[in-house]
Amino acid sequence: MKKYLYDYIKEIDEAIKNKKINQKIIDEHLTKIQFFQHERLIHLLVTLFYCTFMAIFMGLGTIFIGFFIIGLILLIFVLFYIVHYFRLENGVQYLYKQYDKLKQKV
């Protein structure tokens, strides 16, 4: 998903730079923003799901050490997921800025 998002960002940046902007590009851009917003929402929910289970297993780790180990494994997943979500969030926010530029150029 990261590659797809950043390739699309480069494509729109080139269109803005070359001034090849029309209403079709703006409409397509809005559609892509909606897709990426949906993707962002799903990733937020999954991140919260992982965080909840990590907290549960860390808490249960006080009872049995095996739960704590599972909690540490989930912590690793959570850290990677937060980095992924951060990149996705920044990319979508950049798409908003691109949309503003597109509207100014038209």
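Overview of values
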read-out: Förster-model FRET efficiency, 25 Å R0, D100 and L45, C-beta, rounded to 0.05; value: 0.35
read-out: Taking H29, H43, H38 and counting other C-beta atoms within 10 Å, the order from fewest to most; value: H38, H43, H29
read-out: Sequence-distant residues sharing a close amide H with G61 (under 5 Å, placed H); value: F68
read-out: Computed E for H38/K17 - FRET, C-beta separation, R0 30 angstrom, nearest 0.05; value: 0.60
read-out: Vicinal HN-Hα couplings computed from phi for region 75-80 (Karplus, 6.51 cos²θ - 1.76 cosθ + 1.60; Hz; Gly/Pro x); value: 4, 4, 4, 4, 4, 5
read-out: For the chain, built as a Gaussian network whose Cα springs stay under 10 Å, the top-fluctuating residue of G59, G71, G91; value: G59
read-out: 13 Å cut-off, amide nitrogen to a point 7 angstrom out along L30 Cα→Cβ, residues in region 90-106; value: 99-100, 103
read-out: Calculated P(r) of region 35-106 - Cα pairs past 13 Å, %; value: 69
read-out: Sites matching trypsin sites (Lys or Arg not before Pro) across region 1-33 that sit in DSSP coil, with at most 13 neighbouring C-beta atoms within 10 Å; value: K19, K20
read-out: CD proxy at 222 nm, helix term only [per DSSP H run n ≥ 4: -39500 (n - 2.57); per residue of the chain; nearest 500]; value: -33000 deg cm²/dmol
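No value in this document is a laboratory result; all are computed from the given coordinates. Since we're looking at a predicted model, the values are computed, not measured. Because the Cβ atoms are built from the backbone with ideal geometry, glycine has one as well, and the counts that use them run over all protein chains shown.
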